[in-house]
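Accompanying notes for the structure given below.
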Amino acid sequence: MINRFERFSTDIMEVFRYWHKIAADEMEKFGLKGAYCTYFSVLSRFEAGLTATQLCELCCKDKADVSRAVSDLEKKGYIKKETNGANLYRAKICLTEEGNRVAAYVQNRANLAVSLAGDGVSEQDRAIFYSTLEAIVKNLEKISAQGLPENE
């Protein structure tokens, strides 16, 4: 029998792999990397824009990833930086009109993917799944910060 660690790790990695494949297929239509769909989704929720630091936190990405994505998306005209007298480091990153169009596309496709992925899952099971997943994430965050106990 597969142990819990192996099953959990394998299932999480498979979800991650399939998510990246679907995102890459969808973003390829715009000549963009699959990971960029997360930026579109998050930025679409913040009309006033976000700083790069905020984008890092909300997308669970590191500073280098966000910096590369922002540079690429700005060159392609999907986002703009609004400084309002502040330096570029604190600039607000906002979607352009074209960026909003792509964000709406991403949201529609993501909703479809989530709907199809949850086919056959009851609302009750879905609620239990997300509640359980949230508890696991919080526990892993705590373990990551504190380390595993020595004698358990």
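The values are calculated or read from the model by the stated rules, or taken from the named source; none is laboratory data. If you're wondering where the values come from, they're calculated on a predicted model, not measured in any experiment. Note that we place each Cβ from the backbone using ideal geometry, even for glycine, and neighbour counts take in every protein chain shown.
Before moving on, here are some points about what is shown:
- Residue match in region 79-88 (condition: touching a residue at least 60 places away in the same chain (Cβ under 8 Å) and aliphatic (A, V, I, L, M)): no
- Pick from region 78-114, criterion at pLDDT 95 or above, loosely packed, with under 15 Cβ neighbours inside 10 Å and charged (D, E, K, R), ranking: nearest to the chain's Cα centre (by Cα): Arg101
- Checking each residue in region 25-59 for being free of Cβ contacts under 8 Å to residues at least 40 places away in the same chain, under 15 Å from Glu98 (Cβ atoms) and surrounded by fewer than 17 Cβ atoms within 10 Å (Cβ to Cβ) picks out only Lys29.
- Residue that is surrounded by the fewest Cβ atoms within 10 Å (Cβ to Cβ) [pool: residues in region 10-24 that are among the hydrophobic types (A, V, I, L, M, F, W, C) and touching a residue at least 12 places away in the same chain (Cβ under 8 Å)]: Ile22
- Residue in region 67-77 that is in contact with a Ser or Thr (Cβ under 7 Å, 6 or more places away or on another chain) and exposed (fewer than 13 other Cβ atoms within 10 Å of the Cβ) present: yes
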